[in-house]
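Remarks on the structure that follows.
The values are calculated or read from the model by the stated rules, or taken from the named source; none is laboratory data. Everything numeric here is computed off the predicted structure, so don't read it as measured data. Neighbour counts run over all protein chains shown; Cβ positions are idealised from the backbone, glycine included.
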Amino acid sequence: MPSIIKHLPENIKNYKYIEPFIGGGAVLFKLQPKNAIINDFNEELINVYKVIKNNLDELITDLKKHKNEAEYFYSIRSLDRNKAFKNLTNVQRASRVIFLNKTCFNGLYRVNSSGEFNSPFGRYKNPNIVNEPTLKAVNKFLNCNNIEIKSGDYSEVLKQADKKCFVYLDPPYHPISENSNFTGYIQGGWNMYDQIDLKTACDELNKKGVKFLLSNSSAEFIKDLYKGYNISIVKANRAINSNGADRGEVNEVLIRNYE
């Protein structure tokens, strides 16, 4: 986060903030803009944001029903594998996602090729499933500011950007090596051609005079793809890696079209 803040444009508060790959929203909540558009292709995630904004009390009540037990975890995880999943309310779906996030291994949101959540049980002693202070703070932020919440393709959101906007892009990262590849955040994954399409979209933003900042891995492919832009190498802490020795600080890039 300090590296991202350091590389933001001057007078960032004067811009409308757009984040097409919102994920956990760390930058959004750090900046707390008054005007923003947030988006993610993951409908289950966006449903969580909407429920926190519109149905907070019901969500907190439902979260209190969950149990930190393996058998219960796998029963909740398996809900998206049968037709009954469609009968869940928005509140129940949001509660499920938060519960799985708090109790699965490393908080890793991962789905298989069928779009089914498949991270294993984390076996934590006392996970904070019902974090009321944080939920209430997010609810207040989303309701006290002009925050438009969308779920769809990032390219549609970028069509709304103009010179008065600042765009922060945090897409699925390109793998540094073959065995580090992780594309399970959304059904269908994210590949090299998706990265190329995103670069084309960034070129369009640049032509329109829209300032953007993009995070990605420090893969040579990414650095070569964006070689016409300002690229900074930064250190980031990563807790998820198949090889325990490779966890910790890793190189990432921040790419921008402004000084």
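If you go through region 124-155 one residue at a time, how many are of a type in the set (Ser, Thr, Tyr) and over 23 Å from Phe41 (Cβ atoms)?
At the first step, the residues of region 124-155 found to be of a type in the set (Ser, Thr, Tyr) are 124, 134, 151, 154-155.
Still in the running and over 23 Å from Phe41 (Cβ atoms): 124, 134.
Number of matching residues: 2.
Out of curiosity, is Tyr74 hydroxyl-bearing (Ser, Thr, Tyr), under 27 Å from Val167 (Cα atoms), touching a residue at least 24 places away in the same chain (Cβ under 8 Å) and assigned to a helix (DSSP H, G or I)? Before the answer, list the steps.
Values: hydroxyl-bearing (Ser, Thr, Tyr): yes; under 27 Å from Val167 (Cα atoms): no; touching a residue at least 24 places away in the same chain (Cβ under 8 Å): yes; assigned to a helix (DSSP H, G or I): yes.
So Tyr74 does not fit the description; no.
As a summary of the residue check, Ala94 satisfies the conditions (1) hydrophobic (A, V, I, L, M, F, W, C); (2) under 16 Å from the mean Cα position of the chain (by Cα); (3) not assigned by TED's automatic domain parsing to the domain that holds Phe121 except for the one numbered (3).
Take Ile222 and decide whether it is in contact with a Ser or Thr (Cβ under 9 Å, 6 or more places away or on another chain) and either at pLDDT 95 or above or closer than 22 Å to Val27 by Cα (or both).
Numbers: in contact with a Ser or Thr (Cβ under 9 Å, 6 or more places away or on another chain): no; either at pLDDT 95 or above or closer than 22 Å to Val27 by Cα (or both): yes.
In short, no.
Report yes if some residue within region 147-167 is of a type in the set (A, V, I, L, M, F, W, C), in contact (Cβ under 8 Å) with a residue 60 or more places away in the chain, more than 30 Å from Tyr193 (Cβ to Cβ) and buried (at least 16 other Cβ atoms within 10 Å of the Cβ); otherwise report no. Can you show your working first?
Start the filter on region 147-167 by keeping residues that are of a type in the set (A, V, I, L, M, F, W, C), which leaves 147, 149, 157-158, 161, 165-167.
Okay, now just the ones that are also in contact (Cβ under 8 Å) with a residue 60 or more places away in the chain, so 147, 149, 157-158, 161, 165-167.
When the remaining residues are screened for being more than 30 Å from Tyr193 (Cβ to Cβ), the result is 147.
Those left that are additionally buried (at least 16 other Cβ atoms within 10 Å of the Cβ): 147.
Yes, because at least one residue in region 147-167 is of a type in the set (A, V, I, L, M, F, W, C), in contact (Cβ under 8 Å) with a residue 60 or more places away in the chain, more than 30 Å from Tyr193 (Cβ to Cβ) and buried (at least 16 other Cβ atoms within 10 Å of the Cβ).
Against the test of being more than 30 Å from Glu249 (Cβ to Cβ), among the polar types (S, T, N, Q) and out of contact with any strand residue (DSSP E or B) (no Cβ under 8 Å at 6 or more places or on another chain), the options Asn101, Asn90, Asn35, Asn42 yield a single qualifying residue, Asn90.
Would you confirm, using the coordinates I've provided, whether Lys136 is exposed (fewer than 13 other Cβ atoms within 10 Å of the Cβ) and out of contact with any strand residue (DSSP E or B) (no Cβ under 8 Å at 6 or more places or on another chain)?
Here the answer is no, as Lys136 does not meet what is asked.
Inspection of region 96-108 finds a residue satisfying the criterion of being of a type in the set (S, T, N, Q) and in contact (Cβ under 8 Å) with a residue 12 or more places away in the chain. Say whether the condition of being among the aromatic types (Phe, Trp, Tyr), in a helix (DSSP H, G or I) and either in contact with an Asp or Glu (Cβ under 8 Å, 6 or more places away or on another chain) or assigned by TED's automatic domain parsing to the domain that holds Ile129 (or both) is met by at least one residue in region 39-60. Checked against the condition, which is being among the aromatic types (Phe, Trp, Tyr), in a helix (DSSP H, G or I) and either in contact with an Asp or Glu (Cβ under 8 Å, 6 or more places away or on another chain) or assigned by TED's automatic domain parsing to the domain that holds Ile129 (or both), region 39-60 yields at least one hit.
Please work out if Phe29 is part of a helix (DSSP H, G or I), in contact (Cβ under 8 Å) with a residue 40 or more places away in the chain and surrounded by fewer than 17 Cβ atoms within 10 Å (Cβ to Cβ). Steps first, answer last, please.
Numbers: part of a helix (DSSP H, G or I): yes; in contact (Cβ under 8 Å) with a residue 40 or more places away in the chain: yes; surrounded by fewer than 17 Cβ atoms within 10 Å (Cβ to Cβ): yes.
Against the criterion (part of a helix (DSSP H, G or I), in contact (Cβ under 8 Å) with a residue 40 or more places away in the chain and surrounded by fewer than 17 Cβ atoms within 10 Å (Cβ to Cβ)), Phe29 qualifies.
Taken together, the residues in region 233-255 that are at pLDDT 80 or above and either touching a His at 6+ places or on another chain (Cβ under 6 Å) or not in a strand (DSSP E or B) (or both) amount to 1. Evaluate region 45-54: report whether one residue or more is free of Cβ contacts under 8 Å to residues at least 40 places away in the same chain and not basic (Lys, Arg). Yes.
Does region 94-102 contain at least one residue that is touching a Gly at 6+ places or on another chain (Cβ under 6 Å) and either surrounded by 12 or more Cβ atoms within 10 Å (Cβ to Cβ) or not aromatic (Phe, Trp, Tyr) (or both)? Within region 94-102 (the criterion being touching a Gly at 6+ places or on another chain (Cβ under 6 Å) and either surrounded by 12 or more Cβ atoms within 10 Å (Cβ to Cβ) or not aromatic (Phe, Trp, Tyr) (or both)), the answer is yes, since at least one residue qualifies.
Taking region 112-133 as the region of interest, how many residues are outside any loop (DSSP other than H, G, I, E, B) and more than 15 Å from Ile76 (Cβ to Cβ)? It would help to see each step written out before you state the result.
Within region 112-133, the first condition is being outside any loop (DSSP other than H, G, I, E, B), and the residues that meet it are 117, 121, 132-133.
Keeping just the survivors that are more than 15 Å from Ile76 (Cβ to Cβ) gives 132-133.
Residues meeting the conditions: 2.
Can you confirm whether region 212-219 contains a residue that is among the polar types (S, T, N, Q), part of a helix (DSSP H, G or I) and surrounded by 14 or more Cβ atoms within 10 Å (Cβ to Cβ)? No - not one qualifying residue is present in region 212-219.
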